[in-house]
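Student: The structure under discussion is supplied below as structure tokens; questions concerning it will follow.
The values are calculated or read from the model by the stated rules, or taken from the named source; none is laboratory data. Fair warning: this is a prediction, and the values are worked out from it, not measured in the lab. Here the Cβ positions follow ideal geometry from the backbone for every residue, glycine too, while neighbour counts run over all protein chains shown.
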Amino acid sequence: MGLTVSVVIRTYNGERFILDALESVFAQTEPPEEIVVVDSASTDATAAIVEEIAHDTPVPIHPISLPENEGDPAWPLNVGIDAARGEVICLLDQDDVMLPKKLAVQSAVLEEHEEVDFVLSDHENFDAEGIIHRAGSRSRYPEELAALMKGPGPVHIIDPVNSIMAFVSTPTMAHSGRNFLFRKSVWKRIGGFDHKSGTSCDVDFLLRGIDKPVAWIDAVLYRKRIHKDRFWHYTAKNRIVSLKVRQRTVRRFPDHKGLRIMVAQMTCIAAQELRWNRHYLLSLRAGLQLIPLRYPKEAFSECTKTMLAIVRSILP
């Protein structure tokens with residue numbers, strides 16, 4: 001008997017796409033034990049759609065309604081995972097879809113490799129009209145992936161440090177929580193998703209949870225829908241939070257010089273981008289984040305450049 005899997009979907013005003021997401025779970029070659037749908041006080045018909053379909057489905061649906069939407073993705077994720085009965089958790093956003101073999105392939109890897117807690121795979125993007133736009137990790141980061149893959153594949157077992165280095169340097173690999181299955185025991189061990197990590201809570205969860213080898217499946221197993229109403233959008237504030245997530249990882253490995261250099265370089269780039277876009281206070285915050293990374297000179301340089309940019313912006 002294989003591992004039991006629970007699919008957890010957090011949703012808010014997802015009436016346009018929630019049925020597509022649910023139907024992709026129903027279409028799995030090995031269906032999960034259950035689907036837990038956590039609704040963050042939707043104001044559209046999302047809750048009614050889920051309640052109606054839950055009466056007659058091939059997979060049991062357990063709807064959970066939160067009293068309000070705090071805008072914090074960690075809270076509904078933690079509520080859903082806490083309620084889930086499965087040994088393995090698969091996250092799915094309301095507007096994304098799984099390909100039919102996703103759960104079967106990924107859960108089989110966890111069952112075969114007891115030393116692995118996380119199984120990731122490649123993905124592809126599609127738009128609101130359903131047109132596929134291949135933009136997964138394999139196409140965007142072929143050299144980085146090639147360096148990690150050992151043997152013929154498609155399943156590759158990667159040591160913890162190299163996994164973390166890859167996920168810090170190539171965020172697309174780890175950015176989407178829908179891209180990985182994980183053991184619920186990991187969620188319990190590290191205290192769940194951190195609400196302070198904002199929209200980067202999925203990457204933060206993965207980076208904090210890795211202390212064993214990680215499995216990477218070199219195959220597209222899910223599709224991420226790109227549209228203007230997605231939960232996550234690039235903002236200057238999200239840029240700062242993302243940097244903090246990576247700095248937390250550096251603190252876990254204080255003597256790993258390569259990781260520290262990588263995050264410092266990313267921080268400098270972020271400070272420059274924020275400065276160019278006239279987010280001066282956030283640029284200063286990014287520059288100051290170089291100090292705990294042991295780069296005080298670079299911190300002084302970036303903060304000085306930002307202060308000069310502020311002066312130039314107010315001079316006639």
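Student: Kindly list, by first and then second residue, each pair from a residue in the range 111-140 that is of a type in the set (Val, Ile, Thr) to a residue that is in a loop (DSSP other than H, G, I, E, B), limited to pairs with Cβ atoms under 7 Å and residues at least 6 apart or on different chains.
Tutor: Sorted first by the residue in the range 111-140, then by its partner, the pairs are VAL116/LYS212; VAL116/PRO213.
Student: Considering only the range 51-137, give the strands (runs of 3 or more DSSP E) lying wholly within it that have at least 2 residues that are under 17 Å from ARG225 (Cα atoms) and of a type outside the set (Lys, Arg).
Tutor: Strands (runs of 3 or more DSSP E) meeting the threshold: 88-93, 118-127.
Student: Answer with yes or no whether VAL311 is part of a helix (DSSP H, G or I) and either in contact with a Phe, Trp or Tyr (Cβ under 9 Å, 6 or more places away or on another chain) or modelled with pLDDT of 90 or more (or both).
Tutor: It is true that VAL311 is part of a helix (DSSP H, G or I) and either in contact with a Phe, Trp or Tyr (Cβ under 9 Å, 6 or more places away or on another chain) or modelled with pLDDT of 90 or more (or both).
Student: Moving on. If you go through the range 144-163, how many residues are at pLDDT below 80 and part of a helix (DSSP H, G or I)?
Tutor: Of the residues in that region, 5 qualify.
Student: Considering the range 64-84 alone, what residues qualify as being surrounded by fewer than 21 Cβ atoms within 10 Å (Cβ to Cβ) and in contact with a strand residue (DSSP E or B) (Cβ under 6 Å, 6 or more places away or on another chain)?
Tutor: Of everything in the range 64-84, those that are surrounded by fewer than 21 Cβ atoms within 10 Å (Cβ to Cβ) and in contact with a strand residue (DSSP E or B) (Cβ under 6 Å, 6 or more places away or on another chain) turn out to be ILE64, SER65, VAL79, ALA83.
Student: If you don't mind, there's one more thing I want to ask. Would you pick out the residues in the range 269-283 that are surrounded by fewer than 20 Cβ atoms within 10 Å (Cβ to Cβ) and not basic (Lys, Arg)?
Tutor: Of everything in the range 269-283, those that are surrounded by fewer than 20 Cβ atoms within 10 Å (Cβ to Cβ) and not basic (Lys, Arg) turn out to be ILE269, GLN272, GLU273, TRP276, ASN277, TYR280, LEU281.
Student: Checking the structure you have, find out if any residue of the range 19-36 is in a strand (DSSP E or B) and surrounded by 23 or more Cβ atoms within 10 Å (Cβ to Cβ).
Tutor: There is at least one residue in the range 19-36 that is in a strand (DSSP E or B) and surrounded by 23 or more Cβ atoms within 10 Å (Cβ to Cβ).
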